[in-house]
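Please see the structure below; I have some questions.
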Amino acid sequence: MTSPTAQLEWSLYVECPNCKESNDLAGPDHDVEHYISGFIFNNKWDKLEGWEVTCEHCQHEFKLNKVEY
């Protein structure tokens, strides 16, 4: 009998203040270097305050205020 394998799926959504569309910061468009996931999984959420985001829908640039759980 084989043991089941667990799979972790995560997301970190932020709404663009310009177009109001949702952006998943865990996705490949935003976490290319895995900095965001590193901060999240090491409980360093405050490191994302002021993080610059480019909306994947309208290309508007904005900064994160904070991450809430």
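Just so you know, all these numbers are worked out from the coordinates, no wet-lab data involved. Being a predicted model, the structure only gives us computed values, none of them experimental. A quick note on method: Cβ atoms are made from the backbone with ideal geometry, for glycine too, and the neighbour counts reach across all protein chains shown.
Mind counting the residues in the stretch 57-69 that are among the acidic types (Asp, Glu) and under 12 Å from the mean Cα position of the chain (by Cα)?
The number of residues fulfilling the criteria is 1.
Which residues, counting only those in the stretch 57-68, are without any contact (Cβ under 8 Å) to a residue 12 or more places away in the chain and not in a strand (DSSP E or B)?
59, 68 - these are the residues of the stretch 57-68 that are without any contact (Cβ under 8 Å) to a residue 12 or more places away in the chain and not in a strand (DSSP E or B).
Name every residue in the stretch 23-60 that is surrounded by 13 or more Cβ atoms within 10 Å (Cβ to Cβ) and aliphatic (A, V, I, L, M), in order of residue number.
25, 26, 36, 40, 48, 53, listed by residue number.
Something else now. Output the number of residues of the stretch 24-56 satisfying the condition of being within 10 Å of the chain's Cα centre (by Cα) and part of a strand (DSSP E or B).
Final tally of qualifying residues: 2.
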